[in-house]
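> There's a structure below that I have some questions on.
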Amino acid sequence: MSSNQPGSSRRNFIKGAALIAPLAALGSATATPTDPISSAPPPPHPAEASYSPTFFTPDEWAFLNAACARLIPKDEHGPGAVELGVPQYIDRQMATAWADGGIWYMQGPFVEAKPEFGYQSALTPKQQFRLGIKAIDALCQKSYAKSFAGLTPELQDDMLRRIEKGELTSPDLPLKTFFASFLLKTTMEGYFGDPMYGGNKDMAAWTMIAYPGVRADYLEWVGEAKPYPYGPVSIYGQRS
């Protein structure tokens, strides 16, 4: 999580994460099973210099920005999650059917099960974020008399690592699931997704890992032992 972690490489993490982050970045999240099938992408909503969240409260917004800054911090290799508008992406996702559980099977029973059996909770993504942020801030207040956003980067990293390992828990929700399946996952999506969804400002994440975006044809470069020479292209034709 931290660029200062011994033996870690932020660039290697970014490259590895890009392989599992969906580059469409929840493009179908606004659709419901009864919507007509359309190949047209939704209107673009790129990152804005001055953005006011529509779902998150000021305290939740402070947490989200602080957490994103630690999950993918800026360093000599490139900008971090906050610089690329990832918190904006996450806030915008809260207005989709995905956030309300509208595209998931949300009927019980809900039991503890292996990951391959899918999501096992009655909580919607919106509820996960609201309860998860509240629980983490409560743990920080108990240990340090400060909210997560008020801690030093080192303490923030420590809190996130302990949550990731399951060492810190909450009676309101499984914090480990919130961290891995919602906080970390949406941060990666916003960082690597098409900029039309609010993150990956100016396709800087794609440029950093030499991802070509949605260029129509680059097969002649497959297998070449040299960097791809052209900048990425977004769904709406924006060029880096």
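The values are calculated or read from the model by the stated rules, or taken from the named source; none is laboratory data. All values reported here derive from a predicted model rather than from experimental measurement. Cβ atoms come from the backbone with ideal geometry, glycine included; neighbour counts cover every protein chain shown.
> Out of the range 55-93, which residues are within 17 Å of GLN127 (Cβ to Cβ) and part of a loop (DSSP other than H, G, I, E, B)?
Residues satisfying the conditions are PHE55, PHE56, THR57.
> Evaluate the following for GLU167: is it free of Cβ contacts under 8 Å to residues at least 24 places away in the same chain, more than 27 Å from PRO79 (Cα to Cα), in a loop (DSSP other than H, G, I, E, B) and among the acidic types (Asp, Glu)?
So GLU167 fits the description; yes.
> Let me ask something additional. Just to check your reading of the model, which residue among ALA145, ALA210, ALA180 is under 14 Å from the mean Cα position of the chain (by Cα) and more than 18 Å from GLN88 (Cα to Cα)?
The unique qualifying residue is ALA180.
> Answer yes if at least one residue in the range 139-159 is polar (S, T, N, Q), modelled with pLDDT of 95 or more and assigned to a loop (DSSP other than H, G, I, E, B), and no otherwise.
Yes, the conditions are met somewhere in the range 139-159.
> For the range 203-226, give me each residue that is farther than 11 Å from PHE192 by Cβ and in contact with a Gly (Cβ under 7 Å, 6 or more places away or on another chain).
Correct list: THR207 only.
> While we're on this one: Residue check: is MET188 touching a His at 6+ places or on another chain (Cβ under 7 Å), in contact (Cβ under 8 Å) with a residue 60 or more places away in the chain, part of a helix (DSSP H, G or I) and more than 14 Å from PRO46 (Cβ to Cβ)? Even if it seems obvious, please write down each step before you answer.
Numbers: touching a His at 6+ places or on another chain (Cβ under 7 Å): no; in contact (Cβ under 8 Å) with a residue 60 or more places away in the chain: yes; part of a helix (DSSP H, G or I): yes; more than 14 Å from PRO46 (Cβ to Cβ): yes.
It is false that MET188 is touching a His at 6+ places or on another chain (Cβ under 7 Å), in contact (Cβ under 8 Å) with a residue 60 or more places away in the chain, part of a helix (DSSP H, G or I) and more than 14 Å from PRO46 (Cβ to Cβ).
> Identify the single condition in (1) modelled with pLDDT under 95; (2) assigned to a helix (DSSP H, G or I) that THR96 does not satisfy, given that it satisfies every other one.
THR96 satisfies all of (1) modelled with pLDDT under 95; (2) assigned to a helix (DSSP H, G or I) except (2).
> Residues in the range 18-25: is at least one modelled with pLDDT under 95, within 30 Å of LEU155 (Cβ to Cβ) and assigned to a loop (DSSP other than H, G, I, E, B)? Steps first, please.
If we filter the range 18-25 for residues that are modelled with pLDDT under 95, which is where we start, we get 18-25.
Going one step further and asking which of them are within 30 Å of LEU155 (Cβ to Cβ), we end up with 18, 20-21.
Subset that is assigned to a loop (DSSP other than H, G, I, E, B): 21.
Looking for residues that are modelled with pLDDT under 95, within 30 Å of LEU155 (Cβ to Cβ) and assigned to a loop (DSSP other than H, G, I, E, B), one finds at least one in the range 18-25, hence yes.
> Still on this structure, I have one more. Within the range 126-159, can you find the residues that are touching a Phe, Trp or Tyr at 6+ places or on another chain (Cβ under 6 Å) and either closer than 16 Å to LEU183 by Cα or surrounded by fewer than 17 Cβ atoms within 10 Å (Cβ to Cβ) (or both)?
GLN128, GLY132, ILE133, ILE136, ASP137, PHE148, ALA149
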